[in-house]
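Here's the structure we're looking at; comments come further down.
The values are calculated or read from the model by the stated rules, or taken from the named source; none is laboratory data. Keep in mind it's a predicted model, so treat the numbers as computed, not measured. When we count neighbours, we look across all protein chains shown, and the Cβ atoms used for this are built from the backbone with ideal geometry, even at glycine. The accessibility values were calculated without ligands, DNA or RNA, using every heavy atom of the protein model including side chains. Shrake-Rupley method; radii C 1.70, N 1.55, O 1.52, S 1.80 Å.
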Amino acid sequence: NPVHVGHLALANASIKTLEKHEPYVHPRKHNDKPIFFELSLTNADKPSIDPKTVALRVKKFIELASFLSARNNNVPFPQQWGILLTRAPLFEEKLKILRSKVLNGLEGPAGSPRINFVIGTDTMVRILNPKYYRDESQANMIESLLDLKSGGAGFIVGGRLEQSSRKVDDDSSVPSFISGRKALVCLPNEVASMFIIMDESEFRVDLSSSQIRKDQKEKELP
């Protein structure tokens, strides 16, 4: 997705949330740990990104990082960060790449650092949709998620405003904030525990990558 301040706000909010749920016993704090912003060149539901778009998004990201780092603002840039370009649409593939190519030199339990994927509720919905798993099976979905868990992976979920609005008593429409918490109700506890849900008070940025892409395309029209 095109980078915007919402991605940085989500990263910073996830650091604070992780500190509450998983106090870090090492002298280094969570905000000293590296955060990687992944740009996946392939996606299960979208066409591959062309090289020109990739170069432009990386350039915009670095420009935003430089801009925010030079200012005293409410959306600080993480202390240690990097950009990952992958062709790994599946999370088991992402985990394998991170383990073998990126994090193999970092400390962690039994020499294997825990990896928390920071995602939005739209991605969470896809993760919990059996159609993306072998035979479109709920059992295979749960098995795959437990494999991720055994590999030290977890998810931190930031909510978003629902695209469509809901009606209130006076027939006016108001947007609904979707945290993703309801999606965990019917899951086994060992799977639901993989997901840390951030409340609206912990994270809310009313920006849409889809809307940003749409606006960019409209600007490119003659």
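Assorted remarks:
- Considering (1) assigned to a loop (DSSP other than H, G, I, E, B); (2) at pLDDT 85 or above; (3) of a type in the set (Gly, Ala, Ser); (4) open to solvent by 40 Å² or more (accessible area, probe 1.4 Å), the lone condition that Ala44 does not fulfil carries the number (2).
- Condition broken by Met124, with the remaining ones in (1) touching a helix residue (DSSP H, G or I) at 6+ places or on another chain (Cβ under 8 Å); (2) surrounded by fewer than 16 Cβ atoms within 10 Å (Cβ to Cβ); (3) modelled with pLDDT of 85 or more satisfied: (2)
- Pairs, first in contact (Cβ under 8 Å) with a residue 40 or more places away in the chain in region 175-194, second open to solvent by 70 Å² or more (accessible area, probe 1.4 Å), C-beta under 6 Å, six or more apart: Ile178/Glu162; Met194/Lys149
- Qualifying positions in region 129-153 - among the hydrophobic types (A, V, I, L, M, F, W, C), open to solvent by less than 30 Å² (accessible area, probe 1.4 Å) and closer than 19 Å to Ile196 by Cβ: Leu145, Leu148, Ala153
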